[in-house]
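Heads up, the thing below is written out as structure tokens.
The values are calculated or read from the model by the stated rules, or taken from the named source; none is laboratory data. Bear in mind that the values here come from a model prediction, so they are computed numbers and not experimental data. Methodologically, a virtual Cβ is constructed for each residue, glycine included, from the backbone with ideal geometry; neighbour enumeration extends over all protein chains shown.
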Amino acid sequence: MIKGIYTAASGMLAESIRTDATANNLANVNTAGFKKDAAVNKSFADMLISRINDGPVQPVGSVGTGAEVDEIVAIHTQGMMRHTGNPLDLAIEGQSYFAVETPAGVRYTRNGAFSRNSLGELTTADGHAVLAENGRLVVNGSSVTVSEEGIVSVDGIEAGRLRLAEFNDEKRLIKEGSSLFQDTGAGQKQATGLVRQGTLEMSNVNAVSEMVNLINGYRAYEVNAKAVQAHDQLLDKAVNEVGKI
Amino acid sequence: MMRALWTAGSGMVAQQANIDVISNNIANVNTTGFKKSRSDFQDLMYQTVRQPGANSGADSQIPTGIQIGHGVRQVATQKLYTVGNFQNTGNPLDMAIEGDGFFQVTMPDGTLAYTRDGSFKTDSQGRIVTSEGYQLEPAIAVPQGATSIEIAADGVVSVTLPNNTASQEIGQLQLVRFINPAGLLSMGRNLLQETNASGAPTASNPGQDGAGTIVQRYLEMSNVQVVDEMVNMIVAQRAYEMNSKAITTSDEMLGIAAGLKR
């Protein structure tokens, strides 16, 4: 059938996925340490069109065949800092991540809303232990202070230094949900982030631009739908009027 | 159907729960010894449409892939044990804890519960009890006719009896500490209960082993900051509103898709 229907429909599909990503950003607008996703579209490969009906075969140009979502990439910019006053709330200023021990292995997070378990170990809200440079961190005491370099002191005695991870290629961190990132060969380097105690890093979702993305995606979807309809009308004419004997 | 509908729906549910927690904080703004809670959120799982790092050729890899998130969930309501404001009441049986620790009270079924609410009274037998009539543990009884009660910072309770100038010691208050007080279970009525997450209680005299000291004639008010809560409420409401916009948008998009077929 007519190529244009598939071309326009591919546009509708791509915009629908972009809207899914926007909806996820908006759903996580208040999630500490959340990094927003941006969906990037790309065009399908162009087709070369040739003239074949009269005379020698001649190329006359190319025509696009539609669009698809090429990648959804997490944008690792700094989120807004929110002061909470809770000594176990930690935020990182800079590009580093907290290392967390999960049953599936070491994972990384920017969500620093930590608490303690009954052994006094620093854990995430899911109960995964937050790692220090030499293993788990026990913060069993009445006053916990964390320096900018990540050195944790309990009642004035040094308990360990937070294991901060920094990556050469943050694109290779994939989201696992539950505020965790998995390292798929991002390559670590010396961490430079500074720890801020009593502070949470909020999500880096910008509500205004996400609303704009929502409108944008919606309208692009609508326009593509119109193109499908126009092609349908053309087909209707071709089938029912031109073909009328 | 469109993922965005469910994703944005999860966002609305999360913000609704957030408002519930905020309203409870505001409702308890004047509750003695109340500690505010906070909702913590996490992103839900991701659907991997295209695996990042997969080979896209003999010597090339897909750098980012396509992962579509499925929204948000509430993962914890964390109690924040920052210190509340101290209010002078002048009442000799009002006690505030300056520092760490909880008062320990005996429930009617014999189990122990813990509280920061220090507005104690005496019952008909002179025993020191909470507003609900639950006894302080270890039990302390004030002799009849005592003209004054003094509670020292280290928890020693002494009274002065009529026709006697010297004060007389009648008991020793104890405070209880937990490794993870945020893991205590809220029972309502200003009482908390031990859980596996909180760890076992360790009792000590006030001022010893990291326990706080007793301040007599003062009450610890709630640590709810009205301004903070109002700001949180506005943020949650707007987030709710934007998620509902995402739902109407994806609904309209589905309507367009349905309208394609004439």
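Do you know which of the residues in region A:92-129 that are within 14 Å of chain B (Cβ to nearest Cβ) and among the aliphatic types (A, V, I, L, M) is surrounded by the fewest Cβ atoms within 10 Å (Cβ to Cβ)?
Among those residues, the one meeting the criterion is A:Ala104.
Name the residue that is surrounded by the fewest Cβ atoms within 10 Å (Cβ to Cβ), counting only residues in region B:110-119 that are of a type in the set (Gly, Ala, Ser) and closer than 19 Å to B:Lys35 by Cα.
Among those residues, the one meeting the criterion is B:Ser119.
Starting from residues that are over 19 Å from B:Tyr114 (Cα atoms) and out of contact with any helix residue (DSSP H, G or I) (no Cβ under 7 Å at 6 or more places or on another chain), keep the ones in region B:198-225 and report whichever is nearest to the other protein chains (Cβ to nearest Cβ).
Of everything passing the filter in region B:198-225, B:Gln225 is nearest to the other protein chains (Cβ to nearest Cβ).
Quick check: anything in region B:136-143 surrounded by 15 or more Cβ atoms within 10 Å (Cβ to Cβ) and in contact with a Pro (Cβ under 7 Å, 6 or more places away or on another chain)?
Within region B:136-143, none of the residues are surrounded by 15 or more Cβ atoms within 10 Å (Cβ to Cβ) and in contact with a Pro (Cβ under 7 Å, 6 or more places away or on another chain).
Condition first: among the aliphatic types (A, V, I, L, M), within 20 Å of A:Gly217 (Cβ to Cβ) and touching a residue at least 40 places away in the same chain (Cβ under 8 Å). Now tell me which residues in region A:24-54 satisfy that.
A:Leu26, A:Val29
Do any strands (runs of 3 or more DSSP E) lying entirely in region B:1-109 carry at least 1 residues that are surrounded by 17 or more Cβ atoms within 10 Å (Cβ to Cβ), and which ones are they?
B:37-43, B:46-50, B:66-69, B:72-79, B:95-98, B:103-106
Within region A:16-31, identify whether any single residue is more than 14 Å from chain B (Cβ to nearest Cβ), β-branched (Val, Ile, Thr) and not in a loop (DSSP other than H, G, I, E, B), and answer yes or no.
Checked against the condition, which is being more than 14 Å from chain B (Cβ to nearest Cβ), β-branched (Val, Ile, Thr) and not in a loop (DSSP other than H, G, I, E, B), region A:16-31 yields no hits at all.
Residues to consider are B:Ser222, B:Ser244, B:Ser250; find the one that is under 30 Å from A:Ala32 (Cα atoms), surrounded by 15 or more Cβ atoms within 10 Å (Cβ to Cβ), touching a residue at least 12 places away in the same chain (Cβ under 8 Å) and under 19 Å from the mean Cα position of the chain (by Cα).
B:Ser222
Within the bounds of region A:38-60, is there any residue that is closer than 30 Å to A:Lys189 by Cα and facing chain B (nearest Cβ under 9 Å)?
Scanning region A:38-60 turns up at least one residue that is closer than 30 Å to A:Lys189 by Cα and facing chain B (nearest Cβ under 9 Å).
Would you pick out the residues in region B:35-85 that are facing chain A (nearest Cβ under 8 Å), over 30 Å from B:Gly212 (Cα atoms) and touching a residue at least 24 places away in the same chain (Cβ under 8 Å)?
Answer for region B:35-85, where residues must be facing chain A (nearest Cβ under 8 Å), over 30 Å from B:Gly212 (Cα atoms) and touching a residue at least 24 places away in the same chain (Cβ under 8 Å): B:Phe41, B:Gln42, B:Asp43, B:Leu44, B:Met45, B:Tyr46, B:Ile68, B:Gly69, B:His70, B:Gly71, B:Val72, B:Val75.
Taking the conditions exactly as written (more than 21 Å from B:Glu132 (Cβ to Cβ), outside any loop (DSSP other than H, G, I, E, B) and touching a strand residue (DSSP E or B) at 6+ places or on another chain (Cβ under 7 Å)), does B:Val215 satisfy them or not?
yes
Please tell me if B:Pro162 is within 18 Å of B:Pro92 (Cα to Cα), within 14 Å of another protein chain (Cβ to nearest Cβ) and outside any strand (DSSP E or B).
So B:Pro162 fails the test.
Keeping to region B:169-200, report how many residues are surrounded by 12 or more Cβ atoms within 10 Å (Cβ to Cβ) and outside any loop (DSSP other than H, G, I, E, B).
Summing the residues that are surrounded by 12 or more Cβ atoms within 10 Å (Cβ to Cβ) and outside any loop (DSSP other than H, G, I, E, B) in region B:169-200 gives 15.
Against the conditions (1) surrounded by fewer than 16 Cβ atoms within 10 Å (Cβ to Cβ); (2) part of a loop (DSSP other than H, G, I, E, B), where does A:Gly141 fall short? Just the number, please.
The number of the failed condition is (1).
Which condition number in (1) buried (at least 23 other Cβ atoms within 10 Å of the Cβ); (2) under 21 Å from B:Thr248 (Cβ atoms); (3) touching a residue at least 24 places away in the same chain (Cβ under 8 Å) is the one that A:Asp20 fails?
(3)
Kindly indicate whether any position in region B:13-30 is facing chain A (nearest Cβ under 8 Å) and touching a helix residue (DSSP H, G or I) at 6+ places or on another chain (Cβ under 6 Å).
The answer is yes; a qualifying residue exists.
Given region A:80-126, what strands (runs of 3 or more DSSP E) lie entirely inside it while holding 2 or more residues that are assigned by TED's automatic domain parsing to the domain that holds A:Ala159 and touching a Lys or Arg at 6+ places or on another chain (Cβ under 7 Å)?
A:90-93, A:97-102
Okay, residues lined up against (1) of a type in the set (A, V, I, L, M, F, W, C); (2) over 29 Å from A:Glu121 (Cβ atoms); (3) touching a Gly at 6+ places or on another chain (Cβ under 6 Å):
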{"position": "B:Leu173", "(1), (2), (3)": "yes, yes, yes"}
{"position": "B:Pro181", "(1), (2), (3)": "no, no, no"}
{"position": "B:Leu185", "(1), (2), (3)": "yes, no, no"}
{"position": "B:Asn196", "(1), (2), (3)": "no, no, no"}
{"position": "B:Gly199", "(1), (2), (3)": "no, no, no"}
{"position": "B:Ser204", "(1), (2), (3)": "no, no, no"}
{"position": "B:Asp228", "(1), (2), (3)": "no, no, no"}
{"position": "B:Val235", "(1), (2), (3)": "yes, yes, no"}
{"position": "B:Thr249", "(1), (2), (3)": "no, yes, no"}
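With the requirement that a residue be assigned to a strand (DSSP E or B) and free of Cβ contacts under 8 Å to residues at least 60 places away in the same chain, what does region A:175-204 give you?
Passing the criteria: A:Gly177, A:Gln188, A:Lys189.
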